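In what follows, a single structure is set out as structure tokens and then discussed.
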């Protein structure tokens with residue numbers, strides 16, 4: 001069973017196309033990108049620093065911090081902390097800046113096509 005007609009309809013939905021052209025949708029994309037692009041770049045730079053330091057600064061990475069814990073282990077654990085911190089920060093950002101605007105756009109869509117989002121189908 002092919003989903004091609006459904007996918008084609010979704011790509012050429014005049015209501016979606018109209019909402020896509022609104023300033024609100026443009027603002028939603030701008031807000032999303034203003035977080036995601038710098039956060040991704042910073043995280044990748046941080047990760048690559050860890051990889052580069054592990055490969056070419058082994059003397060520094062082998063420096064003991066406390067007992068058998070060295071700088072490399074601390075960097076590795078900080079990768080996990082950074083991942084969870086970034087996810088937490090994105091969640092807060094999304095709830096505060098993205099979700100309200102997305103809900104407005106969703107409501108505008110539902111108002112135009114019906115509450116279930118299934119225009120022309122019963």
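Descriptive notes on the structure:
- Of the residues making up the range 50-70, those that are without any contact (Cβ under 8 Å) to a residue 12 or more places away in the chain and part of a helix (DSSP H, G or I) are 51, 52, 55, 56, 58, 59, 60.
- Taking the listed residues 34, 2, the one that is out of contact with any helix residue (DSSP H, G or I) (no Cβ under 8 Å at 6 or more places or on another chain) and modelled with pLDDT under 95 is 2, with no other qualifying.
- Being touching a helix residue (DSSP H, G or I) at 6+ places or on another chain (Cβ under 7 Å), assigned to a helix (DSSP H, G or I) and surrounded by 12 or more Cβ atoms within 10 Å (Cβ to Cβ) is a property that does not hold for residue 42.
The values are calculated or read from the model by the stated rules, or taken from the named source; none is laboratory data. If you're wondering where the values come from, they're calculated on a predicted model, not measured in any experiment. Ideal geometry is used to build each Cβ from the backbone, glycine not excepted, and the neighbour counts take in all protein chains shown.
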